[in-house]
Amino acid sequence: MPYGQIVVGPPGSGKTTYCAGMAQLLTSLGREVAVINMDPANDRLPYSCNVDISDLISVEDVMSHLHLGPNGGLVYCMEYLEKNIEWLKGKLDSLKDKYLLFDFPGQVELYTHHNSVRNVLETLTSWDIRLTAVHLVDSHYCSDPGKFVAILLTSLTTMLQLSLPHVNVLSKADLIEQHGKLAFSPDFYTDVLDLQYLLGLLQDDPFLQKYKKLNEALVGIIEDYSLVSFCPLSVEDKDSMLRVMKAVDKSNGYVFGTVGDQSLEALMSCAVGAEFEYDKIKNVREKYMEQTETEEMEDNG
């Protein structure tokens, strides 16, 4: 049975770069990989594309003939794909036994409100394709409390809407402090710890009183579900790419092999592969963040 990743996330979060890097990594590990471009507005692909939705429909044509804007054009393209799903099935049938990477558009509404992408994914899973959604968000949002709450809500809504095994990724970890120093250590953001501390960083300016109340309500929803956590990622760092790959392999079942290959050995291998939280974030701390003298002394001994 085929396995694959559904790569989603806001514009500029690094989805296409991730697909290119993950395809290269998986190929180097001996897997046969096929990349499927599901973004009808993406005409500059840094990877070799096995299937391109632009062969079926493009945003440019939709905007020209139906006089829609770019957002409306993307929604129409996804609805058109849903109605013509047999086109995609014919393309995927020629990619049997390959590991599939689906590079989806960056329009957030497609994964939080609109149903066409969810319906397409339900059809893919009905074809016995074992999928995991990899949701990328830009790590520099960690430096702004309000923006971090926003990406948490986006991630949670996407998880609930798509109804797939899910791996949330903080992309561009090498730029994590580009827009300001983090108020807490990286594990606060990757594990989504007590968000009440984050609310304390919001200004008490009376002009922003309603904004703070809104964030308090959103934090309550996020903590009630308690579903969101992140893997940090820098595409140029092989260790972080391997960490994300392992998380995805556990999520979609690839690590256990096909039905005939499943064994106690595979289950034990998966369990032994567990890692402590510090191991997950130590490369981010050491490579990409400024450290105080106290932190450096703690790390050294």
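Taking amide H as placed 1.01 Å from N in the peptide plane, residue 99 has its amide H under 5 Å from the amide H of 32, 33, 34, each at least 5 places away in sequence or on another chain.
Which whole-number percentage describes the relative contact order of the chain, with Cα contacts under 8 Å and a sequence gap of 6 or more?
Details: 422 pairs, mean separation 62.5, N = 301.
Across the chain, relative contact order equals 21 percent.
Once the 1.4 Å probe is applied to the protein heavy atoms, segment 53-211 comes out at 47 Å² accessible per residue.
In the chain, the calculated helix contribution to ellipticity at 222 nm averages -14500 deg cm²/dmol per residue, counting -39,500 (n - 2.57) for every DSSP H run with n ≥ 4.
Only one residue of 173, 36, 127 has its Cα farthest out toward the positive end of the dipole of the chain, where Lys and Arg carry +1 and Asp and Glu -1 on Cβ, and that residue is 127. Distant-in-sequence amide contacts of residue 231, defined by a placed amide H-H separation under 5 Å and a gap of 5 or more residues or a different chain, comprise 168, 169, 170.
Put a plus charge on the Cβ of each Lys and Arg, a minus charge on the Cβ of each Asp and Glu, and nothing anywhere else: the dipole of segment 60-128 about its Cα centre is then about 100 debye.
What part of the accessible area of segment 17-65, given as a whole %, is carbon or sulfur when the probe is 1.4 angstrom?
On the way: 1000 of 2430 Å².
For segment 17-65, the apolar C and S fraction of the accessible surface comes to 41 percent.
For the set 32, 82, 177, 216, the ranking by accessible area, highest first and with no ligand, DNA or RNA atoms included, is 32, 216, 82, 177 under a 1.4 Å probe.
Note on residue 43/residue 64: beta-carbon distance plugged into 1/(1 + (r/R0)^6) with R0 of 22 Å gives a FRET efficiency of 0.95.
Atom-type composition of the exposed protein surface of segment 85-211 places 51 percent of the accessible area on carbon and sulfur (1.4 angstrom probe).
The slack between residue 217 and residue 203, meaning 0.36 nm per residue of separation minus the straight C-alpha distance, is 3.4 nm. The slack in the chain from residue 55 to residue 193, taken as 0.36 nm per residue of separation less the alpha-carbon distance, amounts to 45.2 nm.
Taking a ≥ b ≥ c as the square roots of the Cα gyration tensor eigenvalues, with a/c under 1.5 meaning rounded and otherwise prolate when a/b beats b/c, else oblate, which class fits segment 147-252?
Values: a/c = 2.67, a/b = 1.48, b/c = 1.80.
Because a/c hits 1.5 or more and a/b fails to exceed b/c, segment 147-252 counts as oblate.
Principal-axis analysis of the Cα atoms of the chain puts helix 238-252 at an angle of about 60° to the longest axis.
For segment 34-105, relative contact order (Cα pairs under 8 Å, six or more residues apart, normalised by length) works out to 46 percent. Taking θ = phi - 60°, what integer Hz values does the Karplus form 6.51 cos²θ - 1.76 cosθ + 1.60 yield along segment 216-230, in sequence order, with x for Gly and Pro? Couplings: 4, 5, 5, 4, x, 5, 4, 6, 5, 6, 6, 10, 8, 8, 10 Hz.
Do any of 89/250; 172/238; 181/246; 181/213; 147/181; 147/172 go past 20 Å between their Cα atoms, and which? Don't skip to the answer; put the middle values down first.
Values: 89/250 26 Å; 172/238 13 Å; 181/246 29 Å; 181/213 25 Å; 147/181 14 Å; 147/172 16 Å.
Beyond 20 Å between Cα atoms: 89/250; 181/246; 181/213.
If you sort 148, 256 by accessible surface, 1.4 Å probe, largest first, the order is 256, 148. Extension gain, residue 123 to residue 80, is 14.0 nm, computed as 0.36 nm per intervening residue step minus the present C-alpha separation. Across segment 33-76, Cα pairs under 8 Å and at least six residues apart give a relative contact order of 34 percent.
Positive end of the dipole of segment 11-112 (Cβ unit charges, origin at the Cα centre): among 75, 50, 65, the Cα lying farthest that way belongs to 50.
Mind running the shape call on the chain? Use the C-alpha gyration tensor, a ≥ b ≥ c as the square roots of the eigenvalues: rounded below 1.5 for a/c, prolate if a/b tops b/c, oblate otherwise. Don't skip to the end; give the middle numbers.
Values: a/c = 1.89, a/b = 1.25, b/c = 1.51.
Oblate.
The values are calculated or read from the model by the stated rules, or taken from the named source; none is laboratory data. The shown structure was predicted, so the numbers you read here are calculated from the model rather than taken from an experiment. Cβ: placed from backbone, ideal geometry, glycine included. Neighbour counts: every protein chain shown. Each accessible area value is taken on the protein alone, full model and side chains, heavy atoms only, with ligands, DNA and RNA left out. Shrake-Rupley method; radii C 1.70, N 1.55, O 1.52, S 1.80 Å.
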